[in-house]
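**Student:** Attaching a single structure in structure tokens format; questions to follow.
Taken together, the values in this text are just the output of simple stated rules run on the coordinates, not laboratory data. The structure displayed is predicted, hence computed values, not measured ones. Here the Cβ positions follow ideal geometry from the backbone for every residue, glycine too, while neighbour counts run over all protein chains shown.
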Amino acid sequence: MMFKRLRIVDWRQYGNIDIEFHKKLTVITGANGAGKTTLLNILNTQLGGVQQPLVGVPTMGLAGLIYTSGFPKVRRFFESLLPIQPYQQQQFAGFARIGTIYYDNGQSAEIGIPQNPSSTYNFHIPNPQPVKGFSINSIRPLFKYEQVSHIPTSLFPKQQYYNLYKNSSNNRFYGNSNNNKNETYFIKETLLSWATYGPGNAIIAPNPQALKLFNDFEIILGKVLPTTLGFIKITIRPPEVVLVTRTGEFPIDAVSGGVASIIDLAWQIYMFDSGGEPFVVTIDEPENHLHPEIQKSLLPNMALAFSNCQFIVVTHSPFIITSMSDSNAYALKYNDVGKVDSVLLDRVDKSGSANDILKEVLGLEDTLPYWVDDEINRIIEKYKAVEVGDASISSFKDDLSKAGLGKYVPESLLKLLENYKKIN
């Protein structure tokens, strides 16, 4: 089962959020503070794992400090939600509805929050459908060297390998680990076990399942790692795991931050994937640590490698937003009353350059560095009161070139003319 749609109305910074989830990829973008991660966390409540509680808004009342849930005085879109059913009345006693989650089996679940929250509180979703999946936060692991001290002799179910890795990740993320084994350790330990006992030898009986797990992960890496790396295979030189590529051989502990980030994502998804059954993965800022060229190929490669996965990601990267035409992309934008609405980006929006996306989708007025803007404005200030003519324009161009800004002549001239018109 997968997610079909999410509605959130009239709560905190949100006005009208209406997101239809694509069966392969949905991208949500917007400015900091627009609420991207909060929307992801609503979905994550369905996927298990450790959840961050919401924080109530402290307000001084007659009885002292109280906390509120962030409802506006006027709820403009509340009537667009389906009426609550009689059997749900008791389920929502003490809670206020803020939206609905829809599933691809035709069912839905209402979303509520406490009417009188404490300092922290959680979403209330009394009738969720069983959605299989997991979430990946925005913090990627640091692949640091740690020698594997022993090789497990037993083959575990994939879910157990996933749990070992995820527990290590959660402990690192929340700072409550008493075990210094990092995520890379579990990857190495598992690959060493599969490679040792999978093919077997004259003494050790082969384990076809372990060999298949090893070979299949090699295939996954071939699909998701950047083509410029030229991945060939994994080789084992006990106790080390080495990536063999056309550009050289690298211990898995020594790969770059970008390659480590891709391996981290691929390992989690591969271990969670039970084979054939649809599942959901939410990712917060998948672009972290990745070169723009790799950002463009990351999600298409992941979608190819894991064809039964529904990806839902939030991002600031124009390269992630535009990376797949067959996807849904939404921008969270402020409306005329200062609330955040979701806006579907069509194919034309997604076909723009990185600069176009930064300006039109993410709302960046200017993609130039601030120091460039300041220098151009200084030169414009010098000429804006001078009559426009061949001589003044030629001198204006010369000043820009002397400042090392010759390539910005066209837009600088337009800006100069706009200032000239205002004065005259």
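**Student:** Taking amide H positions as placed in the peptide plane 1.01 Å from N, state which residues far from Q115 in sequence (5 or more) or on other chains have amide H under 5 Å from it.
**Tutor:** Hits under the 5 Å cutoff: F95, A96.
**Student:** To check you understand DSSP bridge types, tell me what percent of the beta bridges within the chain (both residues inside) are antiparallel, rounded to 5. Spell out each step's value before the answer.
**Tutor:** Numbers: 42 of 63 bridges.
Bridges in the chain are about 65 percent antiparallel.
**Student:** How high is the FRET efficiency from L304 to F250, r the C-beta distance, R0 25 Å, rounded to 0.05?
**Tutor:** It comes to 0.60.
**Student:** What's the ranking of 125-134, 403-412 by average number of surrounding C-beta atoms within 10 Å, highest first?
**Tutor:** Details: 125-134: 16.1, 403-412: 14.0.
In descending order of packing, they fall as 125-134, 403-412.
**Student:** I would also like to ask the following. Could you calculate the FRET efficiency of T68 with E146 from 1/(1 + (r/R0)^6), where r is the beta carbon distance between them and R0 is 45 Å, rounded to 0.05?
**Tutor:** Efficiency, rounded to the nearest 0.05: 0.45.
**Student:** Based on the Cβ-Cβ distance from E240 to S392, what FRET efficiency comes out when R0 is 45 Å, to the nearest 0.05?
**Tutor:** The calculated FRET efficiency here is 0.10.
**Student:** What ratio of Cα Rg to 2.2 N^0.38 Å holds for region 370-423? Walk me through the numbers on the way to the answer.
**Tutor:** Details: Rg = 10.1 Å, N = 54, 2.2 N^0.38 = 10.0 Å.
Region 370-423 yields a ratio of 1.01.
**Student:** From the cross-link list K132/K166; K382/K402; K23/K166; K181/K233; K144/K212, which pairs have alpha carbons spaced over 22 Å apart?
**Tutor:** As for pairs spanning more than 22 Å Cα to Cα, those are K23/K166; K181/K233; K144/K212.
**Student:** Give me D for region 158-269 in µm² s⁻¹, whole number, from Stokes-Einstein with Rh from the Kirkwood sum over alpha-carbon pairs, 4 °C and 1.567 mPa s. Show your work: numbers first, answer last.
**Tutor:** Details: Rh = 14.9 Å.
It comes out at roughly 87 µm²/s.
**Student:** Next question, about the same structure. Rank I393, I113, I204 by mean-square fluctuation in a GNM of the chain with C-alpha springs under 10 angstrom and give only the top-ranked residue.
**Tutor:** Residue with maximal mean-square fluctuation among I393, I113, I204: I393.
**Student:** Give the Kirkwood hydrodynamic radius (Å, one decimal) of the chain, defined as one over the mean of 1/r across all pairs of different Cα atoms.
**Tutor:** So the Kirkwood estimate lands at 25.0 Å.
**Student:** Also, I was wondering about something else. Evaluate the charge dipole of the chain about its Cα centre and quote only its size in Debye, nearest 20, assuming +1 on the Cβ of each Lys and Arg and -1 on the Cβ of each Asp and Glu.
**Tutor:** Here the size comes out at about 680 debye.
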